[in-house]
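Undergrad: Starting off with a structure, shown below.
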Amino acid sequence: MKKKKNIAIVAHDNRKKDIIEWAEFNWKELIQHNLICTGTTGKLVEDALAVKCLEESVVPPTVSRLKSGPLGGDQQLGALIVEGAVDILIFFWDPMQPQPHDVDVKALLRITVLYNIPTASNRSTADFLVSSSLFHENYQPILKDYEHYIKRDVNLD
């Protein structure tokens, strides 16, 4: 990871207010990085940061927006993680509301663990991530070597 991180930001509908409040609180940290968001969350984050930047006469960041989660945005994000294009995931998911794309959410979270991506699923963890001394520094995560899995013998009987 370079000093300037690629940060993915996602929030389920019942957590969008929380993610906007968090982004507004941490806007000075976030605008120093590249932001990637799913659907509506991206528009809300972009608008919230634009207001903060306007108040402070700072150029707002460009927010790359993917599809909405249920329309494939979670899968797009997972693909970006596999390609090494995401360094951190901030995902405020709603544990009380069933989602039509629960399998995609589970797959996304699995990929973050597989690729050792720092992941925050609530405001406290997200605050700890952005306040870490590593947040604005180069960092090389240790990735598990899955070569043995790739080269395993497969019994076709």
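The values are calculated or read from the model by the stated rules, or taken from the named source; none is laboratory data. Keep in mind it's a predicted model, so treat the numbers as computed, not measured. FYI the Cβ positions are ideal-geometry reconstructions off the backbone, even for glycines, and counts take in every protein chain you see.
This table checks each residue for (1) touching a residue at least 40 places away in the same chain (Cβ under 8 Å); (2) aliphatic (A, V, I, L, M).
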| site | (1), (2) |
| --- | --- |
| 12 | yes, no |
| 18 | yes, no |
| 23 | no, yes |
| 33 | no, no |
| 42 | no, no |
| 47 | no, no |
| 54 | no, yes |
| 64 | no, no |
| 70 | no, no |
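Undergrad: Name every residue in the stretch 30-46 that is among the hydrophobic types (A, V, I, L, M, F, W, C), assigned to a helix (DSSP H, G or I) and buried (at least 22 other Cβ atoms within 10 Å of the Cβ), in order of residue number.
TA: Listed by number, the residues that qualify are 30, 45.
Let's see how each residue does on (1) in contact with a Leu (Cβ under 9 Å, 6 or more places away or on another chain); (2) farther than 23 Å from residue 39 by Cα; (3) not in a loop (DSSP other than H, G, I, E, B); (4) not aliphatic (A, V, I, L, M):
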residue	(1), (2), (3), (4)
94	no, no, no, yes
97	no, no, no, yes
107	no, no, yes, no
116	yes, yes, no, yes
125	no, no, yes, yes
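Undergrad: Among the residues of the stretch 97-130 satisfying the criterion of being touching a residue at least 24 places away in the same chain (Cβ under 8 Å) and among the small types (Gly, Ala, Ser), which is farthest from residue 7 (Cα to Cα)?
TA: Among them, the one singled out is 107.
Undergrad: Something else about it: Would you check if there is a residue in the stretch 11-18 being of a type in the set (Asp, Glu), assigned to a helix (DSSP H, G or I) and at pLDDT 95 or above?
TA: Checking the stretch 11-18: at least one residue is of a type in the set (Asp, Glu), assigned to a helix (DSSP H, G or I) and at pLDDT 95 or above.
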